[in-house]
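The values are calculated or read from the model by the stated rules, or taken from the named source; none is laboratory data. Treat the numbers as computed from the prediction; the structure is a model and nothing was measured. With ideal geometry, Cβ positions are generated from the backbone for all residues, glycine too; neighbour counts draw on all protein chains shown. Please note that ligands, DNA and RNA were not included when accessible areas were found on the heavy atoms of the full protein model with its side chains. Shrake-Rupley method; radii C 1.70, N 1.55, O 1.52, S 1.80 Å.
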Amino acid sequence: MSLQMPLSTFQHRMAPTLMDDRRQHSRRLLAPTCFVFYSCDHPLHPLAYLAYFGLIKLGQLTAVTYLNFYYNSLNGPIPSELGQLAAVTYLDFYRNSLNGPIPSELGQLAAMTYLNSYQNSLTGTIPSQLGQLTAVTYLNFYYNSLNGPIPSELGQLAAVTYLDFYRNSLNGPIPSELGQLAAMTYLNSYQNSLTGTIPSQLGQLAAMTYVYLASNSLNGPIPSQLGQLTAIKFLNLMSNSLNGPIPSELGQLTAMTYLNLYYNSLTGTIPSQLGQLAAMTYGYLASNSLNGPIPSQLGQLTAMKYLNLMSNSLNGPIPSELGQLTAMTYLNLYYNSLTGTLPSEFYQLTAILHLYLQISGTIPSQLTQLITMRNLYFRSSNSLTGTLPSELGQLTALNALVAQSNSLTGIIPSQLSQLTALTYLSLYSSSLNGTIPSQLGQLPLGSLNMPSNKLTGTIPSQLGQLAALSYLYLHFNSLTGTLPSELGQLTALRYLNLMGNSLNGPIPSELVQLTAMTYLQLQDNSLTGTLPSELGQLTALKAL
């Protein structure tokens, strides 16, 4: 049982307890200079009786150096009287329900080295007086409701190594004074409302290993001075409004393992110097306005596991050098203007699990060498021709196969029924013909999407065996025959679109069993008979 009372109540009903050593699970009596209230459910320390009767208040514990209220259910404000505890070096409010402002009096605790307010409900601004805590090394405001600017006075915290503002409502610019914090290794302002540019002074933080400025409203260019952060391992600037080119100086960050510039407005080419980042395992440059070719130098990043370049304006062929990235598990190149065929060197990527391509020509049957692959996407705006290789049926680990908005012809290979892990199959908007293989009814499909082709024949009754199917799209083909009554067995089905075919006969009354269905579209066929009154029982239905 944790403590459930306002923290201010501790002035009259303080309950210092036996230390709960989480590693050794042992207990020992606390010295009067050390108070731990970690998930409190222990017998009272003798001093607690004095506190209970109001003989001791928090502000009178002038010998205390260590106060830990970690992981309770304390509420109410942080008492300003804590600012009288001049000997305190450690103050932890981790995961309570404290609210109200941070008392400015905490700025009087000149001996403080550790202050943690992680995950409470604190409001108001960060007091500028905290800039007086010149001994502090760890300062954490993670996940509260703080607002206003980051005080420039925090730039006086010369000893600080860890500074976390994650998930508050802070606004205004990042103070350039933070560039004075030469000891800092960790800076996190993710999910706030910070504006303005990234200060070039941050490039002076030579000890920095982790910078997380994502999900704000920062604008302007990425400072080239960030290329001086030679110790950095993690740089995340995603989801801002940054513009201009990616500085080539980032290629000097040879210790970096993670670079995320996703969802900004960056322009220009991808610097070839990024090929010098030999330690990088994660590169996310998606959803910008980058143009030009993919640099062949990226093929030198042999530690790379995840590379996402989607949704840019990259052009030219896919460099064959990317086939040297044999540690790669995820590669996404779609929604660009890339041309040419898939380099044969890609068949060396035997660790690949997720491959999203934009190529022209035919789908290479040699892709079957990538037997661990789980997701294979040939997405929109490809120029694929030829047929679907029957050899794709050998990729038995596939969960998703997508080849849509292309110029594919020929039949759907029955060998796809060998993909026993396949849950998503989308062959939308090509020129595929022939019948729907009845063997697809053996798969664990959750979505079957084959509209806007030239499919003929009847809808196989075996599709009624797809117990997990939620989405069935077969519209705008040339399918004939009746609606199989077996479709009524698809009790997980939510969307059924068969419009724009040549189906005939009555609407099966068995469709009334599809109680999860929200969209049923059968128009533009040759169906006869009356509309089954039982369809009125489909209370989730939004469109018919």
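Just subtract the alpha-carbon distance of T387 and A110 from 0.36 nm times their residue separation and send over the number in nm, one decimal. Each step should come with its number before you reach the end.
Values: separation 277, 0.36 × 277 = 99.72 nm, distance 7.34 nm.
Length gained, T387 through A110: 92.4 nm.
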Relative packing of 249-255, 533-539, 446-452, which averages over residues the other C-beta atoms within 10 Å, highest first
446-452, 249-255, 533-539
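Which order do the peptides 429-436, 187-194 take when ranked by the mean count of other beta-carbon atoms within 10 Å per residue, highest first? Intermediate results must be reported in sequence, preceding the final value.
Details: 429-436: 18.2, 187-194: 20.4.
By packing density, highest mean first, the sequence is 187-194, 429-436.
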In nm, to one decimal, how far is the S121 label point from the T350 one, both placed 7 Å along Cα→Cβ?
5.7
What order do Y282, Y71 take when sorted by accessible area (1.4 Å probe), most exposed first?
Y71, Y282
How far apart, in nanometres, would the label points at S73 and T409 be if each is projected 7 angstrom from Cα along the Cα-to-Cβ direction?
7.0
In nm, give the distance between the simple-model label positions of S265 and T420, each being 7 Å from the Cα along the Cα-to-Cβ direction.
5.3
Taking only the alpha-carbon atoms of region 74-216, what semi-axes of the equivalent ellipsoid follow from 5 times the gyration tensor eigenvalues under a square root, in whole Å, largest first?
23, 18, 12
Region 416-544: Kirkwood hydrodynamic radius (Cα pairs, Å) comes out at 14.6
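Compute the Cα gyration tensor for region 183-307, then decide on rounded, prolate or oblate, letting a ≥ b ≥ c be the square roots of its eigenvalues: rounded whenever a/c is under 1.5, prolate when a/b is larger than b/c in the other cases, and oblate in all that remain.
Values: a/c = 1.64, a/b = 1.17, b/c = 1.41.
Oblate.
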Ranked from highest to lowest mean number of other Cβ atoms within 10 Å per residue, what is the order of the peptides 519-529, 152-162?
152-162, 519-529
Straight-line reach from K305: which lysines have Cα under 26 Å away, leaving out those fewer than 8 places along the same chain?
K233
Taking just the C-alpha trace of region 490-544, give me its Rg and Dmax in Å.
10.7, 28
Provide the FRET efficiency to the nearest 0.05 for the E534-S365 pair, computing r from the beta carbons and using R0 = 41 Å.
0.30
Stretched out fully, how many nm does the piece from A543 to A327 gain, at 0.36 nm a residue minus the Cα gap?
73.1 nm
Okay, which of region 273-313 sit inside 12 Å, backbone N to the point 7 Å along the Cα-Cβ direction of T254?
276-279
What does a probe at A278 reach in region 294-322, counting residues whose amide N is under 17 Å from the point 7 Å along Cα→Cβ?
297-305
All alpha-carbon distances of the chain, grouped into 20 Å bins from 0, give the whole-percent distribution 18, 33, 32, 16, 1
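If you take every residue apart from Y519 with its C-beta less than 13 Å away from the C-beta of Y519, what net charge results, scoring Lys and Arg +1 and Asp and Glu -1?
Working: positive: R494, K542; negative: none.
Summing Lys/Arg as +1 and Asp/Glu as -1 gives +2.
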Given 0.36 nm per residue, what is the gain on full extension from Q521 to T339 after removing their alpha carbon distance, in nm?
61.8 nm
Inter-centroid distance (Cα atoms) of region 490-534 relative to region 131-197, Å:
58
